[in-house]
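Colleague: This is the structure I want to talk about, given as structure tokens.
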Amino acid sequence: MLKNVLGNHYLIDYYDCNKNVLSGVNKIKKIMLNAGIIGNLHIVEECFHQFKPYGVSGVLILKESHFTIHTWPEYNYASVDLYFCDKKVNISKIIEFLNKEFMSKKYEIKKIERGIISNN
């Protein structure tokens, strides 16, 4: 039996990040857009929000699916979701770029296969 996976959903937790990087909506937007370039993503739409007193949420709607972030500068933490239906996306480059930009000391990745279709 063969299985066809329609998409891969990566949940990445970045710990011990630089809180100054995570605090500003303009910094986060620039990082995500640059990660999109590095990963050869096709951005359809974007939305970013600055929370008070701190924290940022951002969403990139992609031709390939979506890329989201939520930051908690007070905990030096960022939560990233990358969901792709295009198997040509170089997820490793994106994850490493974000790690470097956030100045994270560690990160954890969970990968979930979505839309599993069995071919008999």
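The values are calculated or read from the model by the stated rules, or taken from the named source; none is laboratory data. Not measured: the values here are computed from a predicted model. Every residue, glycine as well, gets a Cβ built from its backbone with ideal geometry; the counts of neighbours run over all protein chains shown. For the accessible areas, the whole protein counts, side chains as well, though only heavy atoms, and no ligand, DNA or RNA atoms are used. Shrake-Rupley method; radii C 1.70, N 1.55, O 1.52, S 1.80 Å.
Colleague: Quick one: which of 6, 33, 11 is open to solvent by 40 Å² or more (accessible area, probe 1.4 Å), touching a strand residue (DSSP E or B) at 6+ places or on another chain (Cβ under 8 Å), aliphatic (A, V, I, L, M) and over 22 Å from residue 112 (Cα atoms)?
Modeller: Result: 33 is the single residue among 6, 33, 11 that is open to solvent by 40 Å² or more (accessible area, probe 1.4 Å), touching a strand residue (DSSP E or B) at 6+ places or on another chain (Cβ under 8 Å), aliphatic (A, V, I, L, M) and over 22 Å from residue 112 (Cα atoms).
Colleague: Could you look through the stretch 14-30, keep only residues that are in contact with a Lys or Arg (Cβ under 6 Å, 6 or more places away or on another chain) and on the phi < 0 side of the Ramachandran plot, and pick out the one that is most open to solvent (accessible area, probe 1.4 Å)?
Modeller: Out of the qualifying residues, it is 15.
Colleague: Hey, among 110, 105, 100, 88, which residue is closer than 14 Å to residue 34 by Cα and open to solvent by 90 Å² or more (accessible area, probe 1.4 Å)?
Modeller: Step by step, each of 110, 105, 100, 88 is checked, and only 100 is closer than 14 Å to residue 34 by Cα and open to solvent by 90 Å² or more (accessible area, probe 1.4 Å).
Colleague: Please go through the stretch 60-82 and give me each residue that is open to solvent by 50 Å² or more (accessible area, probe 1.4 Å) and closer than 20 Å to residue 107 by Cα, ordered by number. Break it down stepwise before answering.
Modeller: As a first pass, look at the stretch 60-82 and keep what is open to solvent by 50 Å² or more (accessible area, probe 1.4 Å): 61, 63, 70, 72, 74-75.
Within the stretch 60-82, 70, 72, 74, 75 qualify.
Colleague: Can you name every one of the strands (runs of 3 or more DSSP E) wholly within the stretch 1-75 that holds 3 or more residues which are modelled with pLDDT under 95?
Modeller: 2-15
Colleague: Could we say that residue 118 is part of a strand (DSSP E or B), hydroxyl-bearing (Ser, Thr, Tyr) and open to solvent by 20 Å² or more (accessible area, probe 1.4 Å) here? Break it down into steps so the answer makes sense when it comes.
Modeller: Numbers: part of a strand (DSSP E or B): yes; hydroxyl-bearing (Ser, Thr, Tyr): yes; open to solvent by 20 Å² or more (accessible area, probe 1.4 Å): yes.
Criteria met by residue 118.
Colleague: Do you know which residues across the stretch 36-47 are surrounded by fewer than 16 Cβ atoms within 10 Å (Cβ to Cβ) and in contact (Cβ under 8 Å) with a residue 12 or more places away in the chain?
Modeller: Our first condition is that a residue be surrounded by fewer than 16 Cβ atoms within 10 Å (Cβ to Cβ); within the stretch 36-47, this holds for 37-38, 40, 42-47.
Passing the criteria: 38, 40, 42, 43, 44, 45, 46, 47.
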